[in-house]
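Undergrad: Structure provided below as structure tokens; questions to follow.
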């Protein structure tokens with residue numbers, strides 16, 4: 001555990017006066033089956049370290065079930081918290097049923113029914129409460145009969161617990177929009193001996209040691225922050241002594257360390273970790289001071305390589321500084337420097353990047369090479385609230401974009417546009433799109449007119465609101481389907497006036513008239529709704545300057561008083577004429 | 001000379017150091033409830049690098065007794081008080 005997560009460090013952090021680095025704050029209601037108060041300072045400290053002021057209230061002791069079924073008795077509906085976090089253990093909520101399970105020798109119907117009551121309660125809470133809900137998994141019981149070191153028990157406790165765990169995860173998976181805090185996995189990671197404090201349990205109904213409470217707070221804060229924050233998108237990798245041991249230019253393909261034995265196995269396992277992240281949609285790039293042919297030969301010909309050339313979105317191999325390579329990678333992939341994580345074994349390179357590109361997260365290969373494969377786990381940089389189909393396909397789409405760029409150089413612009421066969425489809429979103437829309441709303445920085453961030457439940461509410469239209473855009477061309485890459489949120493202000501609350505496009509489709517096609521399609525939809533006027537707003541941020549003139553370029557006139565932009569729907573609607581783009585528009589069927 | 005034990009109690013209980021002395025107990029300090037007792041144990045163990053038994057903890061019904069327990073455990077020097 002890193003020092004910045006130790007109980008001592010966290011408590012010291014709380015004692016140090018902070019200048020508020022951001023105005024962000026979050027209200028959290030904690031309800032637990034045991035005394036949760038000691039968790040509060042650690043949770044506050046973890047949020048503080050992220051620039052968020054957390055206001056935390058704790059519910060009464062061991063009333064999780066009552067809370068779920070009757071939340072209105074515990075929280076004020078008029079001033080609800082942003083997050084409700086429930087941390088519970090089966091031995092606290094249903095000690096009798098658990099005891100009976102041991103007697104009967106199985107996960108019995110009685111215990112199932114009791115678990116169902118919690119799930120029903122959660123469903124009821126989900127219906128009543130609009131914010132984020134975090135629920136723990138039941139941890140291995142700290143209960144007589146469940147100890148791991150009793151001979152002759154036939155692993156009865158373990159078998160019962162496994163049945164409970166499986167049942168619970170099936171039930172909870174059916175509940176939509178509930179975040180899981182895997183307390184059992186955390187317990188497994190640290191071990192019951194480290195986590196449990198029997199003295200505190202018996203005296204204060206508080207089962208855990210301070211060090212474990214601090215780790216619980218770390219996990220919970222990550223889960224909550226992942227709901228609001230965008231994650232890093234790309235890992236940039238050095239090659240020599242990072243992806244393999246040794247130096248390819250000197251040792252040659254037969255001489256580098258990569259394979260089943262130490263130390264080659266370490267690098268192979270590290271590559272497995274990277275591959276796993278890649279499968280989740282994280283991009284991989286290479287920045288290496290080498291001859292390109294040497295490096296590519298390893299990717300293509302070395303039997304023990306887990307990563308292959310096709311897994312890498314961008315190669316920057318040459319003799320330029322890593323700073324320049326990183327900048328080029330960000331530019332090629334059309335993502336910000338603050339989306340990059342850079343891994344290198346050379347401290348000098350790392351120091352230079354840290355100094356000149358402070359937005360990039362830098363990781364140095366560990367001195368203890370055996371710890372290296374797990375270096376990215378638990379960092380939180382790739383936490384995502386929810387994986388979407390687009391994430392899984394992103395890597396493939398990025399490669400298509402690179403092929404397209406290479407081809408574009410040999411055609412005239414007009415020829416190129418025709419050859420692209422660009423298609424834009426704009427439609428009102430259904431529940432199935434909400435996860436992806438939320439993700440775009442929270443991570444799109446560059447082409448984003450207002451940069452209003454919203455949680456998933458807020459987007460859901462807008463979808464249901466009669467006054468709003470939440471629109472999404474799919475883009476494809478002959479090189480591939482980019483999926484859902486654009487979002488527009490419209491609000492009917494009065495009669496025939498529609499306000500563009502949100503307008504954004506993922507940067508991977510920019511620069512091919514997609515922006516114009518999108519605003520024109522939006523105007524078309526507003527027209528179908530009987531609207532006549534569009535009102536747009538530009539809210540500048542550090543990153544969206546490229547959209548500053550978007551409205552003026554698309555026929556909107558500035559309103560001197562409000563600073564907003566006004567246009568007639570009929571004018572904006574016709575902007576798509578002359579575009580080489582096949583546009584389709586689908587309003588939702590009115591029921 | 002700052003009394004480390006009193007300082008610790010004042011910090012956890014959120015009261016003035018001057019309002020506490022060896023006779024202070026859960027009966028005389030309203031903030032010293034069972035939740036505070038739990039925080040006090042955590043803080044004492046952290047600051048004095050000591051592990052208290054449940055028997056020790058049950059005994060600790062005044063600041064004076066806490067000092068005695070810590071002196072017995074060899075983590076607090078009587079002369080330093």
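Since every read-out is calculated from the coordinates, none of them should be taken as a lab result. Remember, predicted model here, so these are calculated numbers, not experimental data. Neighbour counts are summed over all protein chains in view; Cβ atoms, including those assigned to glycine, are modelled from backbone coordinates with ideal geometry.
Undergrad: Of the DSSP beta bridges with both residues in chain A, give the percent that are antiparallel, rounding to the nearest 5.
TA: 40
Undergrad: Follow-up. In whole percent, what relative contact order does chain A give with Cα contacts below 8 Å and a gap of six or more residues?
TA: 9
Undergrad: Can you give me the distance in nm between label points at residue A:570 and residue A:192, each placed 7 Å from the Cα along the Cα-to-Cβ direction?
TA: So the label points at residue A:570 and residue A:192 sit 7.7 nm apart.
Undergrad: While we're on this one: Over the stretch A:80-140, what is the relative contact order in percent, taking alpha-carbon pairs closer than 8 angstrom and at least six residues apart? Intermediate values should be presented prior to the final figure.
TA: On the way: 40 pairs, mean separation 38.6, N = 61.
Relative CO of the stretch A:80-140 lands at 63 percent.
Undergrad: May I ask for log10 I(q)/I(0) of chain B at q = 0.19, 0.22 Å⁻¹, from a Debye sum over the Cα atoms as equal point scatterers with solvent left out?
TA: Debye output, listed in q order: -0.77, -1.07.
Undergrad: Oh, and also: Using label points projected 7 Å from each Cα along Cα→Cβ, tell me how many nm separate residue A:478 and residue A:108, to one decimal.
TA: 7.0
Undergrad: Using a cut-off of under 13 Å, list every residue of the stretch A:55-81 whose amide N is near the label point 7 Å from the Cα of residue A:120 along the Cα-to-beta-carbon line.
TA: A:66, A:69-70
Undergrad: What whole-number distance in Å separates the alpha-carbon centres of the stretch A:1-67 and the stretch A:170-189?
TA: Here the two parts' Cα centres lie 20 Å apart.
Undergrad: Spin-label point model (7 Å from Cα, Cβ direction): what's the residue A:458 to residue A:293 distance in nm?
TA: Once both label points are built, they end up 5.5 nm from each other.
Undergrad: Sort the stretch A:474-591 into rounded, prolate or oblate with this rule: let a ≥ b ≥ c be the square roots of the eigenvalues of the Cα gyration tensor; rounded if a/c is under 1.5, and if a/c is not under 1.5, prolate when a/b is larger than b/c, oblate otherwise.
TA: oblate
Undergrad: What is the distance in Å between the Cα centres of the stretch B:34-63 and the stretch A:492-569?
TA: Answer, in whole Å: 63.
Undergrad: Can you give the extra length, in nm with one decimal, that the chain gains between residue A:331 and residue A:174 once fully stretched, where that is 0.36 nm per residue apart less the Cα-Cα distance?
TA: Values: separation 157, 0.36 × 157 = 56.52 nm, distance 4.10 nm.
Going from the current span to full extension adds 52.4 nm.
Undergrad: Based on the Cβ-Cβ distance from residue B:17 to residue B:72, what FRET efficiency comes out when R0 is 25 Å, to the nearest 0.05?
TA: 0.55
Undergrad: Can you bin the stretch A:262-378 into rounded, prolate or oblate? Criterion: square roots of the alpha carbon gyration tensor eigenvalues sorted a ≥ b ≥ c, rounded for a/c under 1.5, prolate for a/b above b/c, oblate for the rest.
TA: Taking the square roots of the gyration eigenvalues as a ≥ b ≥ c, the stretch A:262-378 is rounded.
Undergrad: Cα centroid distance between the stretch A:235-253 and the stretch A:346-385, in Å?
TA: 17
Undergrad: Quote the FRET efficiency, to the nearest 0.05, computed for residue A:465 versus residue A:182 with a Förster distance R0 of 30 Å and r equal to the Cβ-Cβ distance.
TA: 0.35
Undergrad: Taking 0.36 nm per intervening residue step and subtracting the Cα-Cα distance, what contour gain separates residue A:73 from residue A:319 on full extension?
TA: Result for the pair: 82.0 nm of gain on full extension.
Undergrad: Given only helices, namely DSSP H runs of n ≥ 4 each adding -39500 (n - 2.57), what is the per-residue ellipticity at 222 nm of chain A, to the nearest 500 deg cm²/dmol?
TA: So the calculated ellipticity at 222 nm is -12500 deg cm²/dmol.
Undergrad: Can you bin the stretch A:256-319 into rounded, prolate or oblate? Criterion: square roots of the alpha carbon gyration tensor eigenvalues sorted a ≥ b ≥ c, rounded for a/c under 1.5, prolate for a/b above b/c, oblate for the rest.
TA: oblate
Undergrad: Using only the alpha-carbon atoms of chain A, report the extent along each of the three principal axes, biggest first, to the nearest angstrom.
TA: Principal-axis extents of the Cα atoms in chain A, largest first: 79, 71, 49 Å.
Undergrad: What average count of beta carbons from other chains do you get within 10 Å of the Cβ of residues in B:39-47?
TA: Across B:39-47, the average partner-chain Cβ count within 10 Å equals 3.
Undergrad: Grab the Cα-Cα distance for residue B:39 and residue B:54, subtract it from 0.36 nm times how many residues apart they are, and report the gain in nm with one decimal.
TA: Difference between extended and current length: 4.0 nm.
Undergrad: Can you give me the relative contact order of chain B as a percent, contacts being Cα pairs under 8 Å and 6 or more apart?
TA: That works out to 36 percent.
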